1. Pick from the range 11-42 the residues that are out of contact with any helix residue (DSSP H, G or I) (no Cβ under 9 Å at 6 or more places or on another chain), farther than 12 Å from D100 by Cα and among the charged types (D, E, K, R): which of them is surrounded by the most Cβ atoms within 10 Å (Cβ to Cβ)?
2. It is to be established whether one or more residues within the range 109-119 are among the polar types (S, T, N, Q), in contact with a Pro (Cβ under 8 Å, 6 or more places away or on another chain) and crowded, with 17+ Cβ neighbours inside 10 Å.
3. Looking only at the range 91-106, which residues are touching a Ser or Thr at 6+ places or on another chain (Cβ under 8 Å) and either open to solvent by 60 Å² or more (accessible area, probe 1.4 Å) or not in a strand (DSSP E or B) (or both)?
4. Checking C174 against (1) in a loop (DSSP other than H, G, I, E, B); (2) within 26 Å of P29 (Cα to Cα); (3) not charged (D, E, K, R), which test does it fail?
5. When you check Q74 against the structure, is it in a helix (DSSP H, G or I), touching a strand residue (DSSP E or B) at 6+ places or on another chain (Cβ under 9 Å) and within 9 Å of ligand 2 (Cβ to nearest atom), yes or no?
6. Taking into account only those residues within the range 159-171 that are touching a residue at least 24 places away in the same chain (Cβ under 8 Å) and surrounded by fewer than 18 Cβ atoms within 10 Å (Cβ to Cβ), which is nearest to ligand 1 (Cβ to nearest atom)?
7. Restricting to the range 149-158, name every residue that is open to solvent by 80 Å² or more (accessible area, probe 1.4 Å) and within 13 Å of ligand 2 (Cβ to nearest atom).
8. Check the range 150-158 and report whether any residue there is hydroxyl-bearing (S, T, Y), at pLDDT below 95 and assigned to a loop (DSSP other than H, G, I, E, B).
Amino acid sequence: MKKGRLFIISAPSGTGKSTVVADLLKRIPDLVYSISYTTRPPRKGEHDGKDYRFVDEMTFRRLVGEGFFAEWAQVHGALYGTPRVEIEDAVAAGKNVILDIDVQGGMALKHHYPKAVTIFLAPPSFEELKERLSGRKTDPEAVIAMRLENAEREMTFRDRYDYCVVNDDLKRACKEVSSIINPPKRV
Ligand code: ADP
Ligand code: 5GP
């Protein structure tokens, strides 16, 4: 059976990764989302087992010790990790898998799985990123400030990705990412 592929999408917080990924999952049949583990508390409207698997730090550290994660990292003060078996089983079953992970995780996975396709989603401007983070109304001011501070460093990784897509117009950006995953057939 033909193996599936890994598609890694990274971006500064607030750029629109979750929004773009949700759109892709609706429009691309058989695309599987890799549900990460995190020690971050759930936001309003997030569900365990759908957005993340929410665990405490002791559980997370135990899983790290068991080699459960393909990669893990500390991001904006919490721990996040990608379950190894889930992505490897999906790929072996011929499914394409999309991962929404940070730049440290993106680079680590590209190292382990060189065939993975990496996509950096960039905000149209720093001002717009600020607007989106506050407009989302999910994080306190201090958390927003830390995420904006980290954004500058994260942006320096964009050239290390296979593709960079600017999320200015949402519809256009989704189409662009979609055609990276499923390139239009030549006639
Ligand atoms: P991330 O997952 O990268 O942290 P989100 O997907 O949560 O970001 O998006 C952050 C906010 O920006 C949300 O309120 C979302 O609705 C909004 N947003 C996403 N993409 C766009 C866009 N292209 N134009 C305007 N607002 C957007
Ligand atoms: P958020 O808290 O906004 O959901 O995510 C914060 C950051 O953690 C984002 O950059 C997101 O891509 C990243 N992230 C989510 N899951 C993982 C993961 O499994 N591994 C790594 N390295 N980063 C992750």
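1. Among them, the one singled out is R40.
2. No, every residue in the range 109-119 fails to be among the polar types (S, T, N, Q), in contact with a Pro (Cβ under 8 Å, 6 or more places away or on another chain) and crowded, with 17+ Cβ neighbours inside 10 Å.
3. Within the range 91-106, I101, D102, V103, G105, G106 meet the criteria.
4. That leaves (1) as the condition not met.
5. Criteria not met by Q74.
6. Filtering first and then ranking leaves L170.
7. Scanning the range 149-158 gives a single hit, R153.
8. No, the range 150-158 contains no residue that is hydroxyl-bearing (S, T, Y), at pLDDT below 95 and assigned to a loop (DSSP other than H, G, I, E, B).
The values are calculated or read from the model by the stated rules, or taken from the named source; none is laboratory data. Model, not experiment: these values are computed from the prediction. Glycine gets a Cβ as well: all are built from the backbone with ideal geometry, and neighbour counts include every protein chain shown. Ligands, DNA and RNA are stripped out before the accessible areas are found, and what is left, the full protein with its side chains, is counted by its heavy atoms. Shrake-Rupley method; radii C 1.70, N 1.55, O 1.52, S 1.80 Å.
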